[in-house]
Amino acid sequence: MHMAEQTHLSDQLRGRLLYGEPMRRHVTWRAGGAADRAYIPADLDDAAQFLRGLPPGEPVYFIGLGSNLLVRDGGIRGTVVLAHSSHAVMRMDGELVYAEARAASPKVARYAAVHGYAGAEFLAGIPGTVGGALAMNAGCYGSQTWDAVERVLMLRRNGELRERKPGDFDVGYRHVALRGGALGMGEWFAAAWFRFERGDGEAARRRIKELLQQRSDAQPLGLPNAGSVFRNPPGDHAARLIEACGLKGYAIGGARVSEKHANFIVNAEGRGSAADIENLIEHVRDTVLARHGVELIAEVRIVGEEQ
(Lines give C-alpha, C1' and ligand atoms only; values in the text may rest on other atoms or scores of the structure.)
Protein backbone atom coordinates (compact mmCIF):
# COMPACT_ATOMS: atom_id res chain seq x y z
CA MET A 1 0.00 0.00 0.00
CA HIS A 2 1.33 3.44 -0.92
CA MET A 3 1.42 5.53 2.24
CA ALA A 4 1.43 9.29 2.63
CA GLU A 5 4.11 11.39 1.05
CA GLN A 6 5.95 14.09 2.94
CA THR A 7 7.33 16.71 0.61
CA HIS A 8 8.98 19.12 3.06
CA LEU A 9 11.39 17.48 5.46
CA SER A 10 13.11 20.64 6.52
CA ASP A 11 14.02 24.04 5.14
CA GLN A 12 17.37 22.66 3.95
CA LEU A 13 16.12 19.60 2.02
CA ARG A 14 14.69 19.95 -1.49
CA GLY A 15 13.88 16.32 -2.33
CA ARG A 16 10.82 14.13 -1.73
CA LEU A 17 10.36 11.59 1.04
CA LEU A 18 7.93 8.70 0.45
CA TYR A 19 6.60 6.37 3.14
CA GLY A 20 5.77 2.71 2.46
CA GLU A 21 6.96 3.08 -1.13
CA PRO A 22 6.35 -0.08 -3.25
CA MET A 23 9.73 -1.09 -4.61
CA ARG A 24 8.14 -2.92 -7.54
CA ARG A 25 7.84 0.59 -9.03
CA HIS A 26 11.62 1.01 -8.86
CA VAL A 27 13.03 -2.36 -10.00
CA THR A 28 12.85 -3.68 -13.55
CA TRP A 29 11.52 -7.08 -12.40
CA ARG A 30 8.37 -5.26 -11.21
CA ALA A 31 8.21 -7.37 -8.04
CA GLY A 32 8.91 -7.02 -4.35
CA GLY A 33 7.65 -5.31 -1.21
CA ALA A 34 7.71 -1.75 0.09
CA ALA A 35 10.52 0.28 1.60
CA ASP A 36 9.81 1.93 4.96
CA ARG A 37 11.05 5.20 3.46
CA ALA A 38 12.33 6.26 0.06
CA TYR A 39 14.02 9.59 -0.66
CA ILE A 40 14.31 11.22 -4.08
CA PRO A 41 17.10 13.80 -3.78
CA ALA A 42 16.99 16.99 -5.81
CA ASP A 43 20.70 16.72 -6.57
CA LEU A 44 23.99 15.48 -5.11
CA ASP A 45 24.22 18.23 -2.47
CA ASP A 46 20.66 17.44 -1.39
CA ALA A 47 21.49 13.72 -1.08
CA ALA A 48 24.47 14.61 1.12
CA GLN A 49 22.31 16.86 3.29
CA PHE A 50 19.71 14.09 3.64
CA LEU A 51 22.31 11.54 4.76
CA ARG A 52 23.68 13.96 7.36
CA GLY A 53 20.24 14.19 8.96
CA LEU A 54 19.61 10.44 9.30
CA PRO A 55 19.96 8.65 12.66
CA PRO A 56 23.35 6.84 12.85
CA GLY A 57 21.83 3.35 12.98
CA GLU A 58 19.40 3.82 10.07
CA PRO A 59 19.98 1.24 7.27
CA VAL A 60 20.44 3.01 3.92
CA TYR A 61 20.25 1.55 0.41
CA PHE A 62 21.06 3.39 -2.81
CA ILE A 63 19.08 2.13 -5.80
CA GLY A 64 19.55 3.35 -9.36
CA LEU A 65 17.30 2.03 -12.11
CA GLY A 66 16.85 -1.26 -10.21
CA SER A 67 17.90 -3.21 -13.30
CA ASN A 68 20.10 -5.66 -11.39
CA LEU A 69 18.12 -5.97 -8.18
CA LEU A 70 15.52 -8.16 -6.50
CA VAL A 71 13.70 -6.74 -3.45
CA ARG A 72 12.08 -9.50 -1.41
CA ASP A 73 8.31 -9.44 -0.81
CA GLY A 74 8.66 -8.30 2.81
CA GLY A 75 10.26 -5.07 1.59
CA ILE A 76 13.11 -3.03 3.02
CA ARG A 77 13.44 -1.95 6.64
CA GLY A 78 15.20 1.35 6.48
CA THR A 79 15.62 4.09 3.92
CA VAL A 80 16.15 3.78 0.18
CA VAL A 81 17.74 6.66 -1.74
CA LEU A 82 16.37 6.58 -5.29
CA ALA A 83 19.52 7.60 -7.13
CA HIS A 84 18.50 8.02 -10.74
CA SER A 85 17.54 11.15 -12.64
CA SER A 86 16.97 12.28 -16.21
CA HIS A 87 18.61 15.56 -15.11
CA ALA A 88 21.87 14.01 -13.86
CA VAL A 89 24.95 16.11 -14.59
CA MET A 90 27.25 15.11 -17.44
CA ARG A 91 30.03 17.38 -18.66
CA MET A 92 33.49 17.42 -20.17
CA ASP A 93 36.28 17.95 -17.65
CA GLY A 94 39.28 18.52 -19.88
CA GLU A 95 39.64 15.27 -21.82
CA LEU A 96 37.57 13.32 -19.28
CA VAL A 97 33.83 12.66 -19.32
CA TYR A 98 32.31 13.45 -15.92
CA ALA A 99 28.99 11.76 -15.14
CA GLU A 100 26.97 11.62 -11.95
CA ALA A 101 26.18 8.15 -10.63
CA ARG A 102 22.47 8.75 -11.13
CA ALA A 103 22.89 9.18 -14.91
CA ALA A 104 21.73 6.29 -17.10
CA SER A 105 24.70 4.47 -18.66
CA PRO A 106 23.33 4.67 -22.25
CA LYS A 107 23.18 8.48 -21.94
CA VAL A 108 26.90 8.54 -21.12
CA ALA A 109 27.61 6.43 -24.22
CA ARG A 110 25.73 8.92 -26.41
CA TYR A 111 27.27 11.95 -24.67
CA ALA A 112 30.80 10.64 -25.30
CA ALA A 113 30.01 9.92 -28.96
CA VAL A 114 28.51 13.38 -29.53
CA HIS A 115 31.71 14.90 -28.11
CA GLY A 116 33.94 12.92 -30.47
CA TYR A 117 35.06 10.05 -28.24
CA ALA A 118 35.12 6.33 -29.01
CA GLY A 119 35.14 3.39 -26.61
CA ALA A 120 32.09 4.31 -24.54
CA GLU A 121 29.66 2.55 -26.86
CA PHE A 122 29.41 -0.57 -24.65
CA LEU A 123 27.74 1.56 -21.96
CA ALA A 124 24.69 1.76 -24.23
CA GLY A 125 24.14 -1.95 -23.60
CA ILE A 126 24.05 -1.54 -19.80
CA PRO A 127 20.43 -0.83 -18.79
CA GLY A 128 21.22 0.85 -15.49
CA THR A 129 22.82 3.90 -13.92
CA VAL A 130 26.49 4.82 -13.82
CA GLY A 131 26.41 4.08 -10.07
CA GLY A 132 25.11 0.58 -10.64
CA ALA A 133 27.65 -0.02 -13.41
CA LEU A 134 30.46 1.11 -11.10
CA ALA A 135 29.23 -1.01 -8.18
CA MET A 136 29.25 -4.27 -10.17
CA ASN A 137 31.80 -3.47 -12.90
CA ALA A 138 29.04 -3.99 -15.44
CA GLY A 139 30.08 -4.77 -18.97
CA CYS A 140 29.12 -6.15 -22.35
CA TYR A 141 30.56 -6.62 -25.84
CA GLY A 142 34.04 -7.25 -24.41
CA SER A 143 34.35 -4.06 -22.33
CA GLN A 144 33.85 -3.40 -18.61
CA THR A 145 33.01 -0.16 -16.79
CA TRP A 146 36.21 0.07 -14.78
CA ASP A 147 38.36 -0.22 -17.94
CA ALA A 148 37.53 3.45 -18.52
CA VAL A 149 37.44 4.86 -14.95
CA GLU A 150 40.02 7.56 -14.19
CA ARG A 151 38.68 8.39 -10.72
CA VAL A 152 35.40 8.42 -8.79
CA LEU A 153 33.58 10.70 -6.39
CA MET A 154 32.22 8.96 -3.29
CA LEU A 155 29.38 10.05 -1.02
CA ARG A 156 29.97 9.00 2.58
CA ARG A 157 27.43 8.16 5.28
CA ASN A 158 28.19 11.44 7.08
CA GLY A 159 27.43 13.44 3.92
CA GLU A 160 31.07 14.08 2.98
CA LEU A 161 32.21 13.86 -0.64
CA ARG A 162 35.67 12.52 -1.45
CA GLU A 163 37.53 11.44 -4.55
CA ARG A 164 39.06 7.99 -4.89
CA LYS A 165 41.35 6.33 -7.45
CA PRO A 166 40.79 2.90 -9.00
CA GLY A 167 43.61 1.61 -6.80
CA ASP A 168 41.35 2.07 -3.76
CA PHE A 169 39.13 -0.75 -5.06
CA ASP A 170 39.42 -4.46 -5.73
CA VAL A 171 37.86 -4.75 -9.17
CA GLY A 172 37.05 -8.02 -10.92
CA TYR A 173 34.48 -9.59 -13.20
CA ARG A 174 31.08 -8.25 -12.04
CA HIS A 175 32.64 -7.51 -8.66
CA VAL A 176 33.87 -4.32 -6.96
CA ALA A 177 34.94 -3.93 -3.33
CA LEU A 178 36.35 -0.93 -1.49
CA ARG A 179 39.66 -1.83 0.13
CA GLY A 180 39.36 -1.39 3.88
CA GLY A 181 35.92 0.22 3.58
CA ALA A 182 32.23 -0.50 3.33
CA LEU A 183 31.06 0.00 -0.23
CA GLY A 184 27.29 0.26 -0.28
CA MET A 185 27.12 0.55 3.50
CA GLY A 186 29.18 3.59 4.45
CA GLU A 187 30.17 4.93 1.01
CA TRP A 188 28.36 5.09 -2.30
CA PHE A 189 29.37 6.16 -5.80
CA ALA A 190 28.33 9.73 -6.48
CA ALA A 191 30.06 10.36 -9.83
CA ALA A 192 32.91 9.21 -12.04
CA TRP A 193 35.43 10.61 -14.48
CA PHE A 194 35.89 8.39 -17.55
CA ARG A 195 38.78 8.42 -20.01
CA PHE A 196 37.84 7.49 -23.56
CA GLU A 197 39.86 7.76 -26.77
CA ARG A 198 39.43 10.59 -29.22
CA GLY A 199 37.71 9.07 -32.23
CA ASP A 200 35.02 9.18 -34.86
CA GLY A 201 31.88 10.28 -33.03
CA GLU A 202 29.64 9.51 -35.99
CA ALA A 203 31.01 5.95 -36.19
CA ALA A 204 30.51 5.61 -32.43
CA ARG A 205 26.86 6.64 -32.77
CA ARG A 206 26.35 4.04 -35.53
CA ARG A 207 28.01 1.41 -33.33
CA ILE A 208 25.64 2.29 -30.45
CA LYS A 209 22.65 1.70 -32.74
CA GLU A 210 24.10 -1.65 -33.84
CA LEU A 211 24.73 -2.78 -30.27
CA LEU A 212 21.23 -1.78 -29.16
CA GLN A 213 19.76 -3.74 -32.08
CA GLN A 214 21.87 -6.78 -31.15
CA ARG A 215 20.60 -6.52 -27.59
CA SER A 216 17.00 -6.25 -28.71
CA ASP A 217 17.38 -9.28 -31.00
CA ALA A 218 18.98 -11.49 -28.32
CA GLN A 219 17.24 -10.47 -25.09
CA PRO A 220 13.60 -10.50 -23.88
CA LEU A 221 13.39 -6.74 -23.46
CA GLY A 222 9.59 -6.67 -23.83
CA LEU A 223 9.06 -8.45 -20.48
CA PRO A 224 10.08 -7.38 -16.96
CA ASN A 225 13.61 -8.72 -16.40
CA ALA A 226 16.83 -7.85 -14.59
CA GLY A 227 19.37 -8.59 -17.28
CA SER A 228 21.73 -11.53 -16.95
CA VAL A 229 20.95 -13.39 -13.73
CA PHE A 230 24.23 -15.32 -13.42
CA ARG A 231 27.86 -14.48 -14.10
CA ASN A 232 29.46 -16.46 -16.90
CA PRO A 233 31.71 -19.16 -15.41
CA PRO A 234 35.32 -19.19 -16.65
CA GLY A 235 35.50 -20.35 -20.25
CA ASP A 236 31.76 -20.93 -20.57
CA HIS A 237 28.40 -19.17 -20.73
CA ALA A 238 25.72 -19.44 -18.06
CA ALA A 239 23.02 -19.37 -20.77
CA ARG A 240 24.53 -22.42 -22.52
CA LEU A 241 24.60 -24.44 -19.28
CA ILE A 242 21.02 -23.46 -18.36
CA GLU A 243 19.71 -24.26 -21.83
CA ALA A 244 21.56 -27.61 -21.82
CA CYS A 245 19.56 -28.50 -18.70
CA GLY A 246 16.32 -28.00 -20.66
CA LEU A 247 15.31 -25.08 -18.44
CA LYS A 248 14.21 -22.60 -21.10
CA GLY A 249 10.57 -21.81 -20.35
CA TYR A 250 10.68 -23.42 -16.89
CA ALA A 251 8.40 -21.46 -14.55
CA ILE A 252 7.71 -21.07 -10.85
CA GLY A 253 4.57 -19.00 -10.28
CA GLY A 254 4.79 -15.95 -12.51
CA ALA A 255 8.59 -16.17 -12.95
CA ARG A 256 9.95 -17.95 -16.02
CA VAL A 257 13.32 -18.72 -17.60
CA SER A 258 13.21 -16.80 -20.87
CA GLU A 259 12.77 -18.81 -24.06
CA LYS A 260 14.76 -16.12 -25.87
CA HIS A 261 17.83 -16.05 -23.56
CA ALA A 262 18.30 -18.73 -20.90
CA ASN A 263 20.27 -16.45 -18.55
CA PHE A 264 17.24 -14.14 -18.21
CA ILE A 265 14.34 -14.67 -15.85
CA VAL A 266 11.21 -12.80 -16.89
CA ASN A 267 8.24 -11.79 -14.79
CA ALA A 268 5.49 -12.28 -17.34
CA GLU A 269 2.71 -9.70 -16.99
CA GLY A 270 4.31 -8.68 -13.67
CA ARG A 271 2.40 -11.49 -11.92
CA GLY A 272 5.41 -13.09 -10.25
CA SER A 273 6.36 -12.45 -6.66
CA ALA A 274 9.94 -11.83 -5.57
CA ALA A 275 9.77 -15.26 -3.90
CA ASP A 276 8.88 -16.84 -7.27
CA ILE A 277 11.92 -15.22 -8.84
CA GLU A 278 14.28 -16.12 -6.00
CA ASN A 279 13.03 -19.73 -5.94
CA LEU A 280 13.58 -19.98 -9.68
CA ILE A 281 17.12 -18.61 -9.33
CA GLU A 282 17.82 -21.32 -6.73
CA HIS A 283 16.26 -24.04 -8.90
CA VAL A 284 18.39 -23.06 -11.90
CA ARG A 285 21.54 -22.95 -9.77
CA ASP A 286 20.79 -26.37 -8.20
CA THR A 287 19.95 -27.97 -11.54
CA VAL A 288 23.11 -26.73 -13.29
CA LEU A 289 25.23 -27.87 -10.33
CA ALA A 290 23.64 -31.33 -10.35
CA ARG A 291 23.89 -31.82 -14.14
CA HIS A 292 27.17 -30.06 -14.96
CA GLY A 293 29.03 -29.74 -11.65
CA VAL A 294 29.27 -25.97 -12.15
CA GLU A 295 28.06 -23.64 -9.41
CA LEU A 296 26.60 -20.53 -11.04
CA ILE A 297 27.07 -17.27 -9.14
CA ALA A 298 24.23 -14.76 -9.32
CA GLU A 299 25.17 -11.27 -10.48
CA VAL A 300 21.80 -9.83 -9.45
CA ARG A 301 21.65 -8.43 -5.92
CA ILE A 302 18.93 -9.63 -3.55
CA VAL A 303 17.92 -7.37 -0.65
CA GLY A 304 15.10 -7.00 1.83
CA GLU A 305 13.00 -9.21 4.06
CA GLU A 306 11.11 -12.36 3.21
CA GLN A 307 7.37 -11.99 3.65
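Which lysines does K248 reach when only Cα atoms under 24 Å apart count, and residues fewer than 8 places away in its own chain are ignored?
List returned: K260.
What do you get for trypsin sites (Lys or Arg not before Pro) in the stretch 159-239 restricted to DSSP loop and a cutoff of at most 15 other Cβ within 10 Å of the site's Cβ? All intermediate terms of the calculation are to be shown ahead of the outcome.
On the way: sites: R162, R164, R174, R179, R195, R198, R205, R206, R207, K209, R215, R231; in loops: R174, R179, R231.
Of the trypsin sites (Lys or Arg not before Pro), the ones in loops of the stretch 159-239 whose Cβ has at most 15 other Cβ atoms within 10 Å are R179.
Using a 1.4 Å probe and ignoring any ligands, DNA or RNA, find the accessible area of W193 and quote it in Å² to the nearest 10.
Surface accessible to solvent at W193 totals approximately 10 Å².
Within straight cross-link reach of K209, meaning Cα distance under 18 Å, which lysines are found once same-chain residues fewer than 8 apart are removed?
Filter leaves K107.
For the chain, which whole percent of the accessible surface, found with a 1.4 angstrom probe, sits on carbon and sulfur atoms?
Values: 6770 of 13890 Å².
The value for the chain is 49 percent carbon and sulfur by accessible area.
Quick one: grab the alpha carbon gyration tensor of the stretch 135-257, order the square roots of its eigenvalues as a ≥ b ≥ c, and give me rounded if a/c is under 1.5, else prolate or oblate depending on whether a/b is larger than b/c. Write down the numbers at each step before the final one.
Numbers: a/c = 2.18, a/b = 1.40, b/c = 1.56.
Cα axes put the stretch 135-257 in the oblate bin.
When ligands, DNA and RNA are left out and all protein chains stay put, how many square angstrom of accessible area per residue does the stretch 1-114 have with a 1.4 Å probe?
Numbers: 4940 Å² over 114 residues.
About 43 Å² of surface per residue is accessible.
Within the set of other residues whose C-beta is less than 9 Å from the C-beta of D36, count the net charge using Lys and Arg as +1 and Asp and Glu as -1.
Numbers: positive: R37, R77; negative: E21.
Every neighbour counted, the sum reads +1.
Could you provide, to the nearest whole Å², the per residue accessible area of the stretch 141-267 with probe 1.4 Å? It would help to have the intermediate numbers written out before the result.
Working: 6180 Å² over 127 residues.
Normalised by residue count, the accessible surface of the stretch 141-267 is 49 Å².
Please tell me the relative contact order of the chain in percent, rounded to the nearest whole number, where contacts are Cα pairs under 8 Å and at least six residues apart. Don't skip to the answer; put the middle values down first.
Details: 704 pairs, mean separation 55.3, N = 307.
18 percent.
Based on the Kirkwood radius over alpha-carbon pairs, what value in µm²/s does the Stokes-Einstein equation return for the translational diffusion coefficient of the chain at 25 °C and 0.890 mPa s? Please list the in-between numbers first.
Working: Rh = 20.1 Å.
It diffuses with D of about 122 µm²/s by this estimate.
Using a 1.4 Å probe and ignoring any ligands, DNA or RNA, find the accessible area of T145 and quote it in Å² to the nearest 10.
Surface open to solvent at T145 totals about 0 Å².
For the stretch 187-257, what does the alpha-carbon gyration tensor say about shape, rounded, prolate or oblate, given a ≥ b ≥ c as the root eigenvalues, a/c under 1.5 as rounded, and a/b over b/c as prolate? Mind dumping the intermediate values first?
On the way: a/c = 2.11, a/b = 1.76, b/c = 1.19.
In terms of gyration-tensor shape, prolate.
Using DSSP H assignments, which helices in the chain have an axial alpha-carbon span of 18 Å or above and a mean Kyte-Doolittle hydropathy of -1.0 or higher?
Values: long enough: 201-218 (26 Å, -1.28); 274-292 (27 Å, -0.17).
The answer, listed by residue number, is 274-292.
Is the stretch 72-203 best put as rounded, prolate or oblate by its Cα gyration tensor, with a ≥ b ≥ c the root eigenvalues, rounded for a/c under 1.5, and otherwise prolate when a/b is larger than b/c, oblate when not?
Values: a/c = 1.70, a/b = 1.56, b/c = 1.09.
Prolate shape, in that a/c is at least 1.5 and a/b is the bigger ratio.
The values are calculated or read from the model by the stated rules, or taken from the named source; none is laboratory data. Being a predicted model, the structure only gives us computed values, none of them experimental. Neighbour counts run over all protein chains shown; Cβ positions are idealised from the backbone, glycine included. We work out accessible area using only protein heavy atoms, side chains counted, and drop any ligands, DNA or RNA first. Shrake-Rupley method; radii C 1.70, N 1.55, O 1.52, S 1.80 Å.
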